[in-house]
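The values are calculated or read from the model by the stated rules, or taken from the named source; none is laboratory data. Treat the numbers as computed from the prediction; the structure is a model and nothing was measured. A quick note on method: Cβ atoms are made from the backbone with ideal geometry, for glycine too, and the neighbour counts reach across all protein chains shown.
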Amino acid sequence: MSEVRTVVETGERASNGVLPRQRQKAYRSAVLDELAELASLTAWTRRAFPPLLHRAVLAGVDPRSIAESAGCGVAEAHLRWHNWADPMVHDNRAMALREYLLVHNALAHCID
């Protein structure tokens, strides 16, 4: 990742706008590494959001505030939470129906 930033910050380019040949391979590799890191972070965020939303609603946080903090609307937050929670409520050991309904209702009532 630092390789990409270094090239961008220093503006290291030949007069035709292309990196010197010996640096192209390293630059391509650094760009691909950075993209892989970002994809990994995105995947982690998608997995982490629904349980965090669930706990926040149970703690009394307004669903609109949660969605805004996550950079999405309440409807999208509800859908993402539902996709995570629905399988869990079918397995009674993972989540009680009452808990599921509390969060569902709180989210549903905030959808515009």
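Before we move on, is Arg64 out of contact with any Lys or Arg (no Cβ under 8 Å at 6 or more places or on another chain) and at negative phi?
Numbers: out of contact with any Lys or Arg (no Cβ under 8 Å at 6 or more places or on another chain): yes; at negative phi: yes.
Yes; evaluated as a whole, the condition is true for this residue.
Which residue pairs have Cβ atoms closer than 7 Å, lie 6 or more positions apart in sequence or on different chains, and pair a first residue in the range 34-50 that is acidic (Asp, Glu) with a second residue that is in a helix (DSSP H, G or I)?
Glu34/Val4
Any idea which of Ala108, Ala85, Ala30, Ala75 is in contact (Cβ under 8 Å) with a residue 24 or more places away in the chain, touching an Asp or Glu at 6+ places or on another chain (Cβ under 7 Å), surrounded by 13 or more Cβ atoms within 10 Å (Cβ to Cβ) and small (Gly, Ala, Ser)? Show your work before the answer.
Working: Ala108 fails: touching an Asp or Glu at 6+ places or on another chain (Cβ under 7 Å); Ala85 fails: touching an Asp or Glu at 6+ places or on another chain (Cβ under 7 Å); Ala75 fails: touching an Asp or Glu at 6+ places or on another chain (Cβ under 7 Å).
Within the list Ala108, Ala85, Ala30, Ala75, the selection yields Ala30.
When you go through Ala77, Ala67, Ala85 one by one, which is the residue that is in contact with a Gly (Cβ under 9 Å, 6 or more places away or on another chain) and at pLDDT 90 or above? I'd like the intermediate steps shown before the answer.
Details: Ala77 fails: in contact with a Gly (Cβ under 9 Å, 6 or more places away or on another chain); Ala85 fails: in contact with a Gly (Cβ under 9 Å, 6 or more places away or on another chain).
Every option except Ala67 fails the conditions.
Can you tell me how many residues within the range 54-66 are touching a residue at least 40 places away in the same chain (Cβ under 8 Å) and farther than 12 Å from Tyr100 by Cα?
Residues of the range 54-66 that are touching a residue at least 40 places away in the same chain (Cβ under 8 Å), as a first pass: 54, 57-58, 62-64.
Applying the additional criterion that residues be farther than 12 Å from Tyr100 by Cα yields 62-64.
Number satisfying all stated conditions: 3.
When you look at Ser69, is it closer than 25 Å to Thr42 by Cβ, surrounded by fewer than 13 Cβ atoms within 10 Å (Cβ to Cβ) and hydroxyl-bearing (Ser, Thr, Tyr), yes or no?
On the way: closer than 25 Å to Thr42 by Cβ: yes; surrounded by fewer than 13 Cβ atoms within 10 Å (Cβ to Cβ): no; hydroxyl-bearing (Ser, Thr, Tyr): yes.
No, not satisfied.
So Arg23 clears everything in (1) surrounded by 14 or more Cβ atoms within 10 Å (Cβ to Cβ); (2) within 22 Å of Leu79 (Cβ to Cβ); (3) free of Cβ contacts under 8 Å to residues at least 24 places away in the same chain; (4) of a type outside the set (Phe, Trp, Tyr) except one condition, right? Which one?
Against the list (1) surrounded by 14 or more Cβ atoms within 10 Å (Cβ to Cβ); (2) within 22 Å of Leu79 (Cβ to Cβ); (3) free of Cβ contacts under 8 Å to residues at least 24 places away in the same chain; (4) of a type outside the set (Phe, Trp, Tyr), Arg23 comes up short only on (2).
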